[in-house]
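The values are calculated or read from the model by the stated rules, or taken from the named source; none is laboratory data. Keep in mind it's a predicted model, so treat the numbers as computed, not measured. Using ideal geometry, Cβ is built from the backbone for each residue, glycine included, and neighbour counts are taken over all protein chains shown.
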Amino acid sequence: MIELLKNFKNKILNKNKLAKRFSLTYVIIGVLGAVFLDKLIRIFFEYNSFSQQGPLTFGILFVISTATILYLMINHMQKVIKRIETSYKELKRKDKDRLLPYEFALDNSVDAIYWFTLDSKFVYVNNAACTMLGYTKEEMLNMYLEDMDPTFNRNTAQNTMLQIKNCKNWSIETMQRKKDGNIINIEVSGHGFRHGGEVFICAFGRDITPRIAYRKKITDMNQKLQKSVDEKEILLKEIHHRVKNNMEIISSLLTMQYRRVHDEEIKYILKQSRSRINTMALVHEFLYLGENLAYINIEDYIERLIEDIRELYISNNTYLEVDLNIDKLIFSTNRCIQVGMVLHELCVNSLKYAFNKNRDNLLCIHIKKSTEMIHLKIRDNGKGLDDMHSLYKTDSIGMQLIHSIVEDQLDGEIKFKNNNGLECNIFFPLKEEE
């Protein structure tokens, strides 16, 4: 708008046009004055002698008429100029009133606002910039970018202006030097714009020194927390390792007792106890060796569990094919022990009653998950059972353990049926109870 006012004033007060207007006014008033003077002279000489009073009278009349013409012309031009000046001042006042809210917004912005030339010289700064850096506006308007930002020199400052001009969204974290010499951290974004036929750079700066300090504080806290977590992980791994070692000691003691006794029933009980202890110890081994101290990949655990059971209960010359089909599941420590104990008892029963050396033995273990449930299926290719009810009403510690874990701990149900061997289906919720 200021530019428009300047153009308007220049247009009205243009020297060439003013001369034309002045000349035209002079011609019109001069012609009218000449006609009036001619009439006046004619009337005068009708009553007076030219030889006596003509030259003096003519001179007087000429001066009077010329003065009148000049007065009329100058008076007219003064009125025109005065009207133009009045109109210009009114337009300037209105434009100032219109720009007042924008100037208020700029000067009261929280962010510092700078305008630069492409030579990186300040041409405008708002109050926030002066307050932040401690300079007056007059001082900053005589400065260049490198005068307040120690990370720039004359060449890099000019190159940065060109980068901002050619970049749509330019931003940087840098430092600025205050008038008192202190250095503050600044986040700056910039944009290029054209005004009055020239290219300028408008930059917005925000003091992020508190944010940097807070970020450093958070980083230090995170490092301390991470160190604490690492120490606790090491401690937990050591605990799992010691629990596993203690269980192995118990297993070794049972092995020693196994070798000392001669009663086959007692030997079998000791073997089962040792196998159950190994099942739980295996969970702690996975936790100790794994990356996660809270959860275990169930497929890896079951593969290892089946291998340990085979070594303990099946001779090397007995063929056994294991069909594992397990969805990707992550179980907690408790659930892994629960599922492991159930699998252990069911697999041991199959190895004990369904398999022998003179046939192809098959053990199927399938674990599938749905939206809300997990389906665990274990099937062997043995002879099956004639009386399924015996599996529900039995004094066997193994079957009692299975029912107790499935129904009381997993909150599930268990079903047995004959399907080219004995098949056990267990259903329990996908989500663990806290």
Please verify whether residue 158 is assigned by TED's automatic domain parsing to the domain that holds residue 122, in contact with a Phe, Trp or Tyr (Cβ under 7 Å, 6 or more places away or on another chain) and either free of Cβ contacts under 8 Å to residues at least 60 places away in the same chain or assigned to a loop (DSSP other than H, G, I, E, B) (or both), treating the condition exactly as stated.
no
Please work out if residue 139 is more than 16 Å from residue 113 (Cβ to Cβ), modelled with pLDDT under 90 and either in contact with a strand residue (DSSP E or B) (Cβ under 7 Å, 6 or more places away or on another chain) or outside any strand (DSSP E or B) (or both). no
Item to check | Residue match in the stretch 274-283 (condition: touching a Gly at 6+ places or on another chain (Cβ under 8 Å), within 27 Å of residue 360 (Cβ to Cβ) and outside the structural domain of residue 362 (by TED's automatic domain parsing)) | outcome: yes
When restricted to 335, 310, 276, 242, the only residue of a type in the set (Lys, Arg), in a helix (DSSP H, G or I) and modelled with pLDDT of 85 or more is 335
Filtering the stretch 306-318 down to residues that are more than 49 Å from the chain's Cα centre (by Cα) and surrounded by fewer than 13 Cβ atoms within 10 Å (Cβ to Cβ) yields 311, 315, 316, 317
Restricting the stretch 377-403 to residues that are of a type in the set (D, E, K, R) and in contact (Cβ under 8 Å) with a residue 24 or more places away in the chain, the one surrounded by the fewest Cβ atoms within 10 Å (Cβ to Cβ) turns out to be 383
Going by the structure shown, is residue 253 in a helix (DSSP H, G or I), over 23 Å from residue 380 (Cα atoms), touching a Phe, Trp or Tyr at 6+ places or on another chain (Cβ under 9 Å) and not assigned by TED's automatic domain parsing to the domain that holds residue 366?
no
Matching residues in the stretch 350-376 (surrounded by fewer than 18 Cβ atoms within 10 Å (Cβ to Cβ) and within 45 Å of the chain's Cα centre (by Cα)) number 8
(request) Inspect all residues belonging to the stretch 415-424 and state whether any of them is in a strand (DSSP E or B), modelled with pLDDT of 85 or more, touching a strand residue (DSSP E or B) at 6+ places or on another chain (Cβ under 7 Å) and under 22 Å from residue 371 (Cα atoms). (result) yes
